[in-house]
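Here's the structure we're looking at; comments come further down.
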Amino acid sequence: MKRKEFLRLASIGTGIATLSPALLACSPEGKNSIILPEDAFSRPLAFPEEIRATDFELVAETARRTLAGDTASDVYTLNGSLPSPTIRVKRGETLAIDYQNRINQESIIHWHGLIVPPDMDGHPKDAVQPGQTYNYRFDINQRAGTYWYHPHPDKLTGPQVYHGLGGFFIIEDEQEQSFNLPSGDYELPLIVQDKRINDRGQMTYSLNRMDRMMGFFGNSLLVNGMQAPYHEVSNRFYRLRLLNGSNARILDFSFSDNSSFYVIGSDGGLLDQPHEIPSVTLAPAERADLLVDFSSYNVGEKIRMTAEPRNGMGGMMDGMMNGDGGGMMDGRGMMRGSENRRGMREMMGRNRRNSPNDEAFLEFRITKEEEDSFRLPQALTELSFPNEADADRTRRIDLTMEMMQGPAIDGKFFEMLRVDQKVQQGALEVWEFNNRTMMPMPHPMHLHATQFKVLDRSGGSLAPHERGWKDTVRVDAGETVRVLTKFDAEKGLYVFHCHNLEHEDNGMMANFELV
Ligand code: C2O
Ligand code: CU
Ligand code: CU
């Protein structure tokens, strides 16, 4: 696609007038490349500490940690851990968690994907000041799965997650255990996040107008807080619990040799059956539960996991820079030729990667022969979705672009106590998200207090992981995505929002009240 065509296409998008094309063209996220450090794949992957208790404290503090190079960055730790500890609980347990806020701004923790009472959900109105503690008491009564937790204060969620607060919240139950999925050393929770690392190796976060509009994009991919580590594995099945914990970046995950793997779970637990796939796209806050079979590799072989940036504007700019043969520069200042000619459709969807290791963030080294007793099950769980025909109503939610102010919900920005949607407790509803913002801007939409079934997306078919229980769904530019959900949580005030954290902080969030 030629540059002129891009500008013409862009101007069709609603609200594009709020952005000048010149500003877009020179924005940092236009340089869509991820930089690998020179000493890539020389440090072993670390995992945050795991908490297996029902009564514990989480203490958020400011700290300085070295993430890249040898310069320290300002971060937030939780119980001294970066990223935050992995919490592992069993269905049926009752939790008592005290969140001590010892950072320099107000904060509150939200349990993403968990269905808990309104005052336990981390609504921004419940944020506590520095030095204060919030006491959580709630029961775990939902499907086993890969959930997570992170701060949720109004206008400050982006910086707090970016600086390190947020971790896995894993629920186990007997049904899932009956599958004997790889566990212990064979189960790897991986939180992948893009960060902006400057020349001195320091992590930076400061928003210009463009970042506030598009989201904050990094130039480096960290996994479990580390840049390009390696991990030694045996030639057997592993379970990868993958979380895109980025502020705004959508990522396409695959392997450097294009080998396939199995997706067995989504945001809200196991799927009905394993699906063999070559890649999985996760928007911020989405999870995928994967099984990877390393048995076809020999000891001594290496395979890298890659995450290709696939964001509306970022991906589009990338396509424009690399794909038109027009001799524009890519992020590293190298000229790229017409060997990468890509069509509009491809740019909006999956891009072919230029060199397989560009976006590698983790290297698996096969170092051990091992007998594997695990057999891939044919079937997993009964999803037991409700029936669309039984829905009480359809609620239409428009994602809109407000002149000079950015994306909003139904033309409005978040207000702490304004009730935007009133929902009958127990109602079964279709929520229809219409993305009416400018053309290349996707929004991962997230509802608190529920798990839903994605019914359809107007722009294409659902990916295998989108056919399980979900709490966050990507709504691409121009798309309408419909979800079906039953509101069984306790009565009270909850939020729904875009999980691009800069969008959320900028007010792309609304309240719904269960009455
Ligand atoms: Cu993961 Cu309201 O958020
Ligand atoms: Cu949530
Ligand atoms: Cu958004």
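The values are calculated or read from the model by the stated rules, or taken from the named source; none is laboratory data. What you see is a predicted model, and the numbers here were worked out from it, not measured in a lab. So basically every Cβ, Gly included, is an ideal-geometry build from the backbone, and we count neighbours across all protein chains shown. Side chains included, ligands, DNA and RNA excluded: accessible areas come from the protein's heavy atoms. Shrake-Rupley method; radii C 1.70, N 1.55, O 1.52, S 1.80 Å.
Just one of Thr62, Thr86 is hydroxyl-bearing (Ser, Thr, Tyr), open to solvent by less than 10 Å² (accessible area, probe 1.4 Å) and at pLDDT 95 or above; which is it?
Working: Thr62 fails: open to solvent by less than 10 Å² (accessible area, probe 1.4 Å).
Within the list Thr62, Thr86, the selection yields Thr86.
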ask   = What tally of residues in the range 247-284 results from selecting those that are open to solvent by 10 Å² or more (accessible area, probe 1.4 Å) and farther than 18 Å from Leu380 by Cβ?
value = 7
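Answer yes if at least one residue in the range 418-427 is crowded, with 19+ Cβ neighbours inside 10 Å and either within 15 Å of ligand 1 (Cβ to nearest atom) or modelled with pLDDT under 95 (or both), and no otherwise. It would help to see each step written out before you state the result.
Looking only at the range 418-427, we keep the residues that are crowded, with 19+ Cβ neighbours inside 10 Å, and these are 423.
Okay, now just the ones that are also either within 15 Å of ligand 1 (Cβ to nearest atom) or modelled with pLDDT under 95 (or both), so none.
Scanning the range 418-427, I find no residue that is crowded, with 19+ Cβ neighbours inside 10 Å and either within 15 Å of ligand 1 (Cβ to nearest atom) or modelled with pLDDT under 95 (or both), so the answer is no.
Is it true that Val475 is over 20 Å from Met441 (Cα atoms) and within 16 Å of ligand 3 (Cβ to nearest atom)? Before the answer, list the steps.
On the way: over 20 Å from Met441 (Cα atoms): no; within 16 Å of ligand 3 (Cβ to nearest atom): yes.
So Val475 fails the test.
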request  = Count, please, the residues in the range 402-458 that happen to be touching a helix residue (DSSP H, G or I) at 6+ places or on another chain (Cβ under 7 Å) and more than 22 Å from Pro386 (Cβ to Cβ).
outcome  = 12
task = Tell me, yes or no, whether the range 11-29 has at least one residue that is among the charged types (D, E, K, R), closer than 30 Å to Pro151 by Cβ and at pLDDT 95 or above.
result = no
key: Condition broken by Gly167, with the remaining ones in (1) open to solvent by 20 Å² or more (accessible area, probe 1.4 Å); (2) within 16 Å of ligand 1 (Cβ to nearest atom); (3) in contact with a Phe, Trp or Tyr (Cβ under 7 Å, 6 or more places away or on another chain) satisfied   = (1)
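Go through Val495, Val515, Val483 for me and flag whichever is among the hydrophobic types (A, V, I, L, M, F, W, C), in contact with a His (Cβ under 6 Å, 6 or more places away or on another chain) and away from ligand 3 (no atom under 11 Å from the Cβ). Don't jump to the end; show me each part of the working.
On the way: Val515 fails: in contact with a His (Cβ under 6 Å, 6 or more places away or on another chain); Val483 fails: in contact with a His (Cβ under 6 Å, 6 or more places away or on another chain).
Sole residue among the options that is among the hydrophobic types (A, V, I, L, M, F, W, C), in contact with a His (Cβ under 6 Å, 6 or more places away or on another chain) and away from ligand 3 (no atom under 11 Å from the Cβ): Val495.
Residue under question is Leu462, and the condition is that it be open to solvent by less than 10 Å² (accessible area, probe 1.4 Å), outside the structural domain of Arg143 (by TED's automatic domain parsing), more than 16 Å from ligand 2 (Cβ to nearest atom) and closer than 19 Å to Ser384 by Cβ; does it hold? Even if it seems obvious, please write down each step before you answer.
On the way: open to solvent by less than 10 Å² (accessible area, probe 1.4 Å): no; outside the structural domain of Arg143 (by TED's automatic domain parsing): yes; more than 16 Å from ligand 2 (Cβ to nearest atom): yes; closer than 19 Å to Ser384 by Cβ: yes.
It is false that Leu462 is open to solvent by less than 10 Å² (accessible area, probe 1.4 Å), outside the structural domain of Arg143 (by TED's automatic domain parsing), more than 16 Å from ligand 2 (Cβ to nearest atom) and closer than 19 Å to Ser384 by Cβ.
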Test: residue in the range 482-494 that is surrounded by 20 or more Cβ atoms within 10 Å (Cβ to Cβ) and under 18 Å from the mean Cα position of the chain (by Cα) = no
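Of these, Thr437, Thr450, which one is of a type in the set (S, T, N, Q), more than 16 Å from ligand 1 (Cβ to nearest atom) and not in a strand (DSSP E or B)?
Details: Thr450 fails: more than 16 Å from ligand 1 (Cβ to nearest atom).
From the options Thr437, Thr450, the qualifying one is Thr437.
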remark   = Selection from the range 65-118 of residues away from ligand 2 (no atom under 16 Å from the Cβ) and hydroxyl-bearing (Ser, Thr, Tyr) yields Thr66, Thr71, Ser73, Tyr76, Thr77, Ser81, Thr86, Thr94
message = Take His503 and tell me if it is more than 16 Å from ligand 2 (Cβ to nearest atom), in a helix (DSSP H, G or I) and at pLDDT 95 or above.
response = no
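Kindly evaluate Met445 against the criterion of being assigned to a loop (DSSP other than H, G, I, E, B), within 16 Å of ligand 3 (Cβ to nearest atom) and either more than 26 Å from the chain's Cα centre (by Cα) or crowded, with 19+ Cβ neighbours inside 10 Å (or both).
Details: assigned to a loop (DSSP other than H, G, I, E, B): no; within 16 Å of ligand 3 (Cβ to nearest atom): yes; either more than 26 Å from the chain's Cα centre (by Cα) or crowded, with 19+ Cβ neighbours inside 10 Å (or both): yes.
Criteria not met by Met445.
So is Arg304 open to solvent by less than 10 Å² (accessible area, probe 1.4 Å), of a type in the set (Lys, Arg) and touching a strand residue (DSSP E or B) at 6+ places or on another chain (Cβ under 6 Å) or not?
Values: open to solvent by less than 10 Å² (accessible area, probe 1.4 Å): no; of a type in the set (Lys, Arg): yes; touching a strand residue (DSSP E or B) at 6+ places or on another chain (Cβ under 6 Å): yes.
Against the criterion (open to solvent by less than 10 Å² (accessible area, probe 1.4 Å), of a type in the set (Lys, Arg) and touching a strand residue (DSSP E or B) at 6+ places or on another chain (Cβ under 6 Å)), Arg304 does not qualify.
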inquiry  = What are the pairs with Cβ atoms under 9 angstrom where one residue, in the range 188-213, is in the same structural domain as His231 (by TED's automatic domain parsing) and hydroxyl-bearing (Ser, Thr, Tyr) and the other, located anywhere, is at pLDDT below 95 and surrounded by fewer than 17 Cβ atoms within 10 Å (Cβ to Cβ)? Sequence gap at least six, or different chains.
reply    = Thr204/Asn198
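Rundown of residues vs (1) closer than 17 Å to Tyr162 by Cβ; (2) open to solvent by less than 10 Å² (accessible area, probe 1.4 Å), yes/no style:
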{"site": "Glu50", "(1), (2)": "no, no"}
{"site": "Ser73", "(1), (2)": "yes, yes"}
{"site": "Leu82", "(1), (2)": "yes, no"}
{"site": "Ser107", "(1), (2)": "yes, yes"}
note = Going through the range 417-434 in order, the residues found to be assigned to a loop (DSSP other than H, G, I, E, B) and not aliphatic (A, V, I, L, M) are Arg418, Asp420, Gln424, Gln425, Gly426
